[in-house]
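The next block holds one structure in the form of structure tokens; read it before the comments.
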Amino acid sequence: MTERFSFALNATDGKARTGVISTPRGEIRTPAFMPVGTAATVKAMMPESVRATGADILLGNTYHLMLRPTAERIDRLGGLHKFMNWDRPILTDSGGFQVMSLAELRKLTEKGVTFKSHIDGSKHELTPERSMEIQRLLGSDIVMCFDECPALPADRARIAESMRLSMRWAARSKEAFGDRPGHALFGIMQGGLEQDFREESAEALKEIGFDGYAVGGLAVGEGQEGMFACLDYAPDMLPVDKPRYLMGVGKPDDIVGAVKRGIDMMDCVLPSRSGRTGQVFTRYGVVNIKNARHQDDPRPLDEHCGCPACSNYSRAYLHHVFRSNEMISGMLLTWHNLHYFQELMQGMRDAIAAGTFAAWEAEFHARRAQGDIEPV
Ligand SMILES: [Zn+2]
């Protein structure tokens, strides 16, 4: 097993890419979908179950973990991998995005952000240096730069000011991260939907030099059309030989569109969160298991899916346990959703390797247009 972080691009098809990220904790096949383990758990899933869905890497949230149980406590207990019983790669975000969206009474300065915890109102500070320290204490394999981004739409002046602050923070993050063989630091491109700011941001990040590059500041209210318009050019501004990560995306069709435009990694709470609210992703689109039409349906959610929910349970049962608020409902539906997302990624990896991505994509959309099969 490798002792260093590296990325090998194996094949491209159009702009879509497939490859392997190697880390001391294992390989990550790309394009990769990363389930989100916010509070050191992918909700409703055992880590071995998450692995069984095909996930090579998880995402952990700095903001949540620094507040509870704290990075120092996790470090004393042997690091995040041991703490949550996941020995494969973990990517942690920097806390910046969640401070902006969750914390109360934020104060933003050149130095960083001070805020009050959404849990108990206690006061905290996050700076590039503190974010690097927290992610080091957690033992994260892929560390994200501390950054800031406005919700869209925002005016150009606000987007430029925010992007330039994030670039200064990126340089401080790199300095604070230091030299840690086997661990990677990713820079985050900002600039909203403004192509000139994206270019400026990409140049600033490449000048600093990172192990991978994220496209940040999307999935913040711009809609799929705005996101794809940005992804039509943004990935091309980043180095070809480094992984490209689109943060916080997304729905299956967002993911397919992002991979088509040259993205290698993504994360989203959607499959796990939806699993708990009865929303199920299938090859034929979204199924709402709470709908009464499932109550006498003996068929599985998707007869072509090999997950435990589809192998062993009927729609009628899944409808019943959801309506009865039974815990197994969230467990089975989350497992299915994560399995579906991982199969989606595997399908794209295979198609890119075979040079058949366009045909794969056409079939993906055609099947979804057909819709869920209604019981007769
Ligand atoms: Zn399934």
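The values are calculated or read from the model by the stated rules, or taken from the named source; none is laboratory data. Keep in mind the model is a prediction, meaning the values are calculated, not measured. Note that we place each Cβ from the backbone using ideal geometry, even for glycine, and neighbour counts take in every protein chain shown. What goes into the accessible areas is simple: the full protein's heavy atoms, side chains included, and nothing from ligands, DNA or RNA. Shrake-Rupley method; radii C 1.70, N 1.55, O 1.52, S 1.80 Å.
The convex hull built on the alpha-carbon positions of the range 1-132 has an orientation-averaged projected area of 10.2 nm².
Backbone phi angles across the range 120-134, fed through the Karplus curve with coefficients 6.51, -1.76 and 1.60 (θ = phi - 60°), yield HN-Hα couplings of 9, x, 5, 8, 9, 10, 10, 10, x, 5, 5, 5, 5, 5, 4 Hz in residue order; Gly and Pro are listed as x. Using bins of 10 Å that start at zero, the share of Cα-Cα pairs per bin across the range 217-376 amounts to 10, 36, 32, 17, 4, 0, in whole %.
Residue-wise HN-Hα couplings along the range 83-93, as the Karplus relation 6.51 cos²θ - 1.76 cosθ + 1.60 with θ = phi - 60° gives them from phi, are 4, 9, 6, 10, 9, 8, x, 10, 9, 10, 6 Hz; Gly and Pro carry x.
How long are the semi-axes of the equivalent ellipsoid of the range 6-267, taking √(5λ) for every eigenvalue λ of the Cα gyration tensor, in whole Å from largest down? Walk me through the intermediate numbers first.
Values: eigenvalues 125, 111, 58 Å².
Calculated on Cα positions only, the semi-axes equal 25, 24, 17 Å.
Near the amide H of N10, within less than 5 Å, lie the amide hydrogens of T18, G19, V20, all on another chain or at least 5 residues away, with H placed in the peptide plane. Return the lysines within reach of K111: Cα separation strictly under 22 angstrom, same-chain partners fewer than 8 residues apart disregarded; answer none if there are no such residues. Counting by Cα, and skipping residues close in sequence, K111 has these lysines nearby: K123, K174. Within the chain, the cysteines lacking any other cysteine Cβ closer than 4.7 Å to their own Cβ are C145, C149, C230, C268, C307. Across all Cα pairs in the range 245-336, the calculated P(r) in 5 Å bins from zero up to the longest distance comes to 3, 15, 23, 22, 15, 11, 7, 4, 1 percent per bin.
According to the Kirkwood relation over distinct C-alpha pairs, the hydrodynamic radius of the range 201-242 is 11.2 Å.
Under the rule of -39500 (n - 2.57) per DSSP H run of 4 or more residues, summed and divided by the residues of the chain, what mean residue ellipticity at 222 nm is obtained, to the nearest 500 deg cm²/dmol?
Numbers: 15 runs with 159 residues, N = 376.
Value at 222 nm, helices only, nearest 500: -12500 deg cm²/dmol.
Judged by the mean number of other Cβ atoms found within 10 Å, the most tightly packed of the peptides 352-361, 308-317 leads the ranking 308-317, 352-361. Roll a 1.4 angstrom probe over the protein heavy atoms and tell me the percent of accessible area of the range 140-182 that is carbon or sulfur. On the range 140-182, the fraction of accessible area on carbon and sulfur atoms equals 54 percent. Put a dot 7 Å past the Cα of A359, heading toward its Cβ, do the same for R156, and the two dots end up 4.6 nm apart. Its relative contact order, with pairs defined as Cα atoms under 8 Å and 6+ residues apart, puts the chain at 17 percent.
Have a look at the DSSP beta bridges in the range 6-267 and tell me what percent are antiparallel, nearest 5.
50 percent
Give me the number: length gained by fully extending A171 to A369, i.e. 0.36 nm times residue separation minus the C-alpha to C-alpha distance, one decimal in nm.
Values: separation 198, 0.36 × 198 = 71.28 nm, distance 4.57 nm.
Extra length from A171 to A369 when fully extended: 66.7 nm.
The range 79-108 and the range 174-207 have their alpha-carbon centroids 19 Å apart.
With every protein chain kept in place and ligands, DNA and RNA left out, what is the accessible area per residue of the range 143-227? Probe 1.4 Å, answer in Å².
That works out to 39 Å² for each residue.
Close amide-amide hydrogen proximity is noted between H118 and E104, each under 5 Å apart and 5 or more residues distant or on a separate chain (H modeled in the peptide plane; Pro and chain starts excluded).
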